[in-house]
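Structure first, then comments.
The values are calculated or read from the model by the stated rules, or taken from the named source; none is laboratory data. Computed from a prediction, not measured in an experiment: that's the story for all the values here. Glycine gets a Cβ as well: all are built from the backbone with ideal geometry, and neighbour counts include every protein chain shown. Remember, those area values only see protein heavy atoms, side chains included, never the ligands or the DNA or RNA. Shrake-Rupley method; radii C 1.70, N 1.55, O 1.52, S 1.80 Å.
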Amino acid sequence: MNRKKDPMGRAIADYHQTGKAEKLRVISPILEEDEIPLQVLFRGFDEMPKIEKTALYMTKGRVLDVGAGAGCHALVLQEQGFDVTAIDISPYAVDTMKERGLKHVMRKDFFSLSAQAPDSQHQYDTVLMLMNGIGIAGTLERMPAFFDQLDKILAPEGQLLCDSSDIYYLFMDEDGGMFPPDHPGYYGEMVFQMQYKDTVGDLFPWLYIDPSTLVETASRNGFQAEIITEGEHYDYLARIIRKTPAEKNAAHRNIEVVAAIIHDGNGRIFASQRGYGEMKDGWEFPGGKMEKGETREDALKREIMEELDVSIGIERFIKTVDCDYPQFHLTMHCYLCRIKDGHMVLKEHEAARWLSSAEIMSVDWLPADMAVIASEEWQCVFPL
């Protein structure tokens, strides 16, 4: 990064040298202009939020602090005796961290780091990406490259501690429904630009990834993500580690199911809450596995009768989704349906609800079902 294009670094340097700074503007094409309070980048451990404190408590071994900014997290760990290296692409930020007493500081981009051997000095036991640090991936499309790079620099028993935010709330209407952002693709993919005084940075992509999508994406790329804790502003802390060989082999197990998107003719759809298994309490469209010799349609009618004690009419095919879970790969064929005969009885589920479009996100959908709801095919049938 050129110093002439480094507004955040220049603001950090000013605050470090004088104890004050002018507004660091954050500009977005689709969101209201915001600003970053510089004092937040210089806070001590006692001033940090729960998520960041938890991450520092969980830190172990050799540490890499990615996008370290003014170095507040790295300094705390260094004072505790950790061997910590801080990296940032900002030349001003790197200078500031050195002036503040950090011993190991590099002006580096995460994706340019390398490790040539399992015992390389460039592998780390803990990689920290705090203050929405995993956003450096930029887009969901770049997440495979992100995990490939993490695999190169992470020690054999290493961990990534990162936080992000589910910014779904930014696109909620008054009724709790979601209106899509003014750009195609995943709603958490943002583009920003920063300005400090007369220094204007380049546009850059930034990713806010919701917890379910992070878990699914990590699994698909050979890692296991666990949500450790949640903050007060739709933010959360995640711990990411490599899958064991057994887990990777299990992930290759394929399960094929059918699912009924049952509607009532008045714009509402039927959601059911699982009452059993490893995904207990998650919300889903009812359905299940096909038996040998069954067509998808016959299997769906049988499953709904077994689960809900009603017969259904299948109106049309909606979509097939593929989703990686920690222990298997799921292929789910979804059909739009109506109840033909009978009164619903919950035989396997612990709860159920009829949801309008405005209420569709009021339950915690399982990842595959959420992928259906987020699809273009769904919007054609149930526009918000």
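Hey, can you rank 371-378, 89-96 by average C-beta count inside 10 Å, highest first?
Working: 371-378: 16.6, 89-96: 22.1.
Packing order, densest peptide first, comes out as 89-96, 371-378.
Hey, can you rank 255-265, 156-166 by average C-beta count inside 10 Å, highest first?
Values: 255-265: 19.1, 156-166: 20.7.
Highest mean packing first, the order is 156-166, 255-265.
What part of the accessible area of the chain, given as a whole %, is carbon or sulfur when the probe is 1.4 angstrom?
Carbon and sulfur atoms account for 49 percent of the accessible area of the chain.
Just how far, in whole angstrom, is the stretch 2-60 from the stretch 313-384 if you go by their alpha carbon centroids?
When both Cα centres are located, 41 Å separates them.
What's the magnitude of the charge dipole for the stretch 276-384 around its Cα centre, counting Lys and Arg as +1 and Asp and Glu as -1 at the beta-carbon? Answer in Debye, nearest 20.
300 debye
Go ahead and estimate [θ] at 222 nm for the chain from helices alone: -39,500 (n - 2.57) per DSSP H run with n ≥ 4, summed, over the residue count, rounded to 500. Present the calculation step by step, with values, prior to reporting the outcome.
Numbers: 10 runs with 91 residues, N = 384.
Rounded to the nearest 500, the figure is -6500 deg cm²/dmol.
Could you compute the FRET efficiency for Asp281 and Asp83, with r as their C-beta to C-beta distance and R0 at 45 Å, rounded to 0.05?
The computed FRET efficiency comes out at 0.65.
Just the ratio, please: alpha-carbon radius of gyration of the chain over 2.2 N^0.38 Å, N its number of residues.
Details: Rg = 23.9 Å, N = 384, 2.2 N^0.38 = 21.1 Å.
Here the Cα radius of gyration is 1.13 times the empirical estimate.
Residues with beta-carbon under 13 Å from that of Trp206, excluding Trp206: net charge, scoring Lys, Arg +1 and Asp, Glu -1?
The answer is -2.
Among DSSP beta bridges whose residues both lie in the chain, state the antiparallel percentage, nearest 5.
Of those bridges, close to 65 percent are antiparallel.
Looking at the chain, do any whole DSSP H helices span at least 20 angstrom along their long axis by alpha carbon and average 1.0 or above on Kyte-Doolittle, and which?
none
What net charge is computed for the residues neighbouring Gln273, neighbours being all others with C-beta under 11 Å from the C-beta of Gln273, Lys and Arg scored +1, Asp and Glu -1?
Net charge in that neighbourhood comes out at -2.
Calculate the translational D of the stretch 237-346 in whole µm² s⁻¹ from Stokes-Einstein, where the hydrodynamic radius comes from the Kirkwood formula applied to all Cα pairs, the temperature is 37 °C and the viscosity 0.692 mPa s.
Translational diffusion coefficient: 214 µm²/s.
Sum up the charges of everything whose Cβ sits under 12 Å from the Cβ of Ala351, counting Lys and Arg as +1 and Asp and Glu as -1, but leave Ala351 out. Write down the numbers at each step before the final one.
Working: positive: Arg274, Lys280, Arg353; negative: Asp281, Glu284, Glu348, Glu350, Asp364.
My count for the surroundings of Ala351 gives -2.
Please work out, to two decimal places, the log10 of the ratio I(q)/I(0) at q = 0.10, 0.21 Å⁻¹ from a Debye calculation in which every Cα of the stretch 1-105 carries one identical scatterer.
Calculated log10 I(q)/I(0) at the listed q: -0.29, -1.15.
Rounding to the nearest 20 debye, state how big the charge dipole of the chain is about its Cα centre with +1 on each Lys and Arg Cβ and -1 on each Asp and Glu Cβ.
Result for the chain is approximately 1160 debye, rounded to the nearest 20.
Between Glu377 and Asn254, how many nm apart are label points set 7 Å from Cα along the C-beta direction?
Taking the two extended label points, one gets 1.7 nm.
Would you grab the residues whose amide H sits under 5 Å from the one on Ile262? Only those 5+ places off in sequence or on another chain, please, with H modelled 1.01 Å from N.
Amide H neighbours of Ile262, under 5 Å, 5+ apart: Phe270, Cys337.
Using a 1.4 Å probe, what is the accessible area per residue for the chain, in Å²?
Result: 48 Å² of accessible area for each residue.
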